[in-house]
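For reference, the structure is listed below as structure tokens.
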Amino acid sequence: MSKEAGPFAETAPSAAEAEAGERAAFRLAVLDGLRRSPRAIPAKFLYDARGSALFDAICELPEYYLTSIETAILTDCAPEIARLAGPGCALIEFGSGSSVKTRLLLDAMPDLAAYVPIDISRQHLDVTAARLRGDYPALPVRPVCADYMTLAALPPGVGAARRIGFFPGSTIGNLTPPEATAFLRRARALLGEGGALVLGADLKKDPQRLHDAYNDSSGVTAEFSLNLLRRINRELGATFNLAAFAHEAFYDPGHGRIEIYLRSLAAQSATVAGHAFEFAEGERVHTEYSYKYDDADIDALASSAGFTIVRRWTDPGRLFAVIYLKASS
Ligand code: AVJ
């Protein structure tokens, strides 16, 4: 039993084991992504320690309205979320990161049966769980180290309490429409009958405002994007010249999404884990989509995945939405 591994393991893998596993997955994904045409590396790899710190800095930028607006909405609606959820439920967070917004819900729901943060980074999860246990001594914290896009079940310890999912921050925006539907279906299955989901989605708006949010004047977003190459260099022994790539982000109104790329500024080559790759001048590596929603998009997404919309909250400027969905019966 002491060798048990996987998301429900009582004994976490050693830090070295976890790191080796994460690195192998990273290597496979990067090599696969660079062999594709067009080239693309999944956005989840942007979040190493430095990437996560840069993303936290993005959330403080004046242009990046998403975090402050969502936090304001959640601050207002947390008591109503708590009422809708009812007493004694379990809160399941998909991609918990540093769980900052979670505290707004934890404060409004003092009688939770459990808080279950799901995150792909063992390190994030351990730090977050330790902090929350310190700050909420009565709250059972049951972290699950997994990719929420593929997680099939929650650990038995979560129990039979009614399950409320939490997917804030416009993380759903990283997913294409079919991926978003697949994620919500999976969430619905994990949350079970009577389950509900609190979703944060960025809204369609003036394209200039969207453009500015992903092209900030201080260049933090560019650093965040380029950090992916820095991470590949460090973790996979690659030779990317960061000065020869540029962050590129623009709004595509047809798809209703921000598209983000790393653009090669010259014809150049780079070696990744012993494999050589050629880049033409102007060639791009896709790193992220950030889909923007309107009410009809949210309706369509919910019904495609077996959810019913119970309540939506937005800010006066209609920049961001928090939506309470329940599993349709
Ligand atoms: C973390 C996916 C919500 O799409 O707004 C921010 C990521 N990338 N700036 C977003 C991001 C560049 C962010 N999400």
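Of the strands (runs of 3 or more DSSP E) lying entirely inside segment 178-290, those carrying at least 1 residues that are touching a Ser or Thr at 6+ places or on another chain (Cβ under 9 Å) and assigned by TED's automatic domain parsing to the domain that holds Lys101 are 196-202.
Scan segment 255-265 and give yes if some residue there is open to solvent by 50 Å² or more (accessible area, probe 1.4 Å) and hydrophobic (A, V, I, L, M, F, W, C), otherwise no. Yes, because at least one residue in segment 255-265 is open to solvent by 50 Å² or more (accessible area, probe 1.4 Å) and hydrophobic (A, V, I, L, M, F, W, C). For segment 77-111, what are the residues that are of a type outside the set (A, V, I, L, M, F, W, C), surrounded by fewer than 20 Cβ atoms within 10 Å (Cβ to Cβ) and assigned to a loop (DSSP other than H, G, I, E, B)? The answer is Gly86, Pro87, Gly88, Ser98, Pro110, Asp111. Within segment 297-317, the residues that satisfy the criterion of being out of contact with any helix residue (DSSP H, G or I) (no Cβ under 9 Å at 6 or more places or on another chain) and open to solvent by 60 Å² or more (accessible area, probe 1.4 Å) are Asp299, Ser303, Pro316. All of (1) among the acidic types (Asp, Glu); (2) surrounded by fewer than 21 Cβ atoms within 10 Å (Cβ to Cβ); (3) within 18 Å of Arg50 (Cα to Cα) hold for Glu278 with one exception: (3). The residue list Ala213, Ala201, Ala249, Ala243 contains one member that is aliphatic (A, V, I, L, M) and more than 25 Å from Phe320 (Cβ to Cβ), which is Ala243. Condition test on Phe26, is it under 17 Å from the mean Cα position of the chain (by Cα) and open to solvent by 20 Å² or more (accessible area, probe 1.4 Å)? Against the criterion (under 17 Å from the mean Cα position of the chain (by Cα) and open to solvent by 20 Å² or more (accessible area, probe 1.4 Å)), Phe26 does not qualify. Of all the numbered requirements in (1) surrounded by fewer than 21 Cβ atoms within 10 Å (Cβ to Cβ); (2) within 16 Å of the ligand (Cβ to nearest atom), Tyr291 misses one, and that requirement is (1).
Are any of the residues in segment 112-128 closer than 25 Å to Lys326 by Cβ, open to solvent by 40 Å² or more (accessible area, probe 1.4 Å), touching a Pro at 6+ places or on another chain (Cβ under 8 Å) and not assigned by TED's automatic domain parsing to the domain that holds Arg230? Yes, the conditions are met somewhere in segment 112-128. Within segment 218-255, the set of residues being within 14 Å of the ligand (Cβ to nearest atom) and small (Gly, Ala, Ser) comprises Ser218, Gly219, Ala222, Ser225, Ala249. The condition of being open to solvent by 50 Å² or more (accessible area, probe 1.4 Å), modelled with pLDDT of 95 or more and in contact with a Cys (Cβ under 6 Å, 6 or more places away or on another chain) does not hold for Arg188.
Just to verify a result, which residue in segment 148-168, among those that are modelled with pLDDT of 95 or more and not hydrophobic (A, V, I, L, M, F, W, C), is farthest from Ser68 (Cα to Cα)? So the residue we want is Arg162. Of the residues making up segment 134-147, at least one is under 28 Å from Arg50 (Cα atoms), at pLDDT 95 or above and in a helix (DSSP H, G or I). Note on segment 156-178: residues that are within 16 Å of the ligand (Cβ to nearest atom) and either open to solvent by 50 Å² or more (accessible area, probe 1.4 Å) or of a type in the set (S, T, N, Q) (or both) total 5.
The values are calculated or read from the model by the stated rules, or taken from the named source; none is laboratory data. Only a predicted model underlies this, so the values are computations on that prediction, with no experimental measurement involved. Heads up, the Cβs are rebuilt from the backbone with ideal geometry, glycines too, and the neighbour counts pull from every protein chain shown. Accessible surface areas use protein heavy atoms only, side chains included; no ligands, DNA or RNA. Shrake-Rupley method; radii C 1.70, N 1.55, O 1.52, S 1.80 Å.
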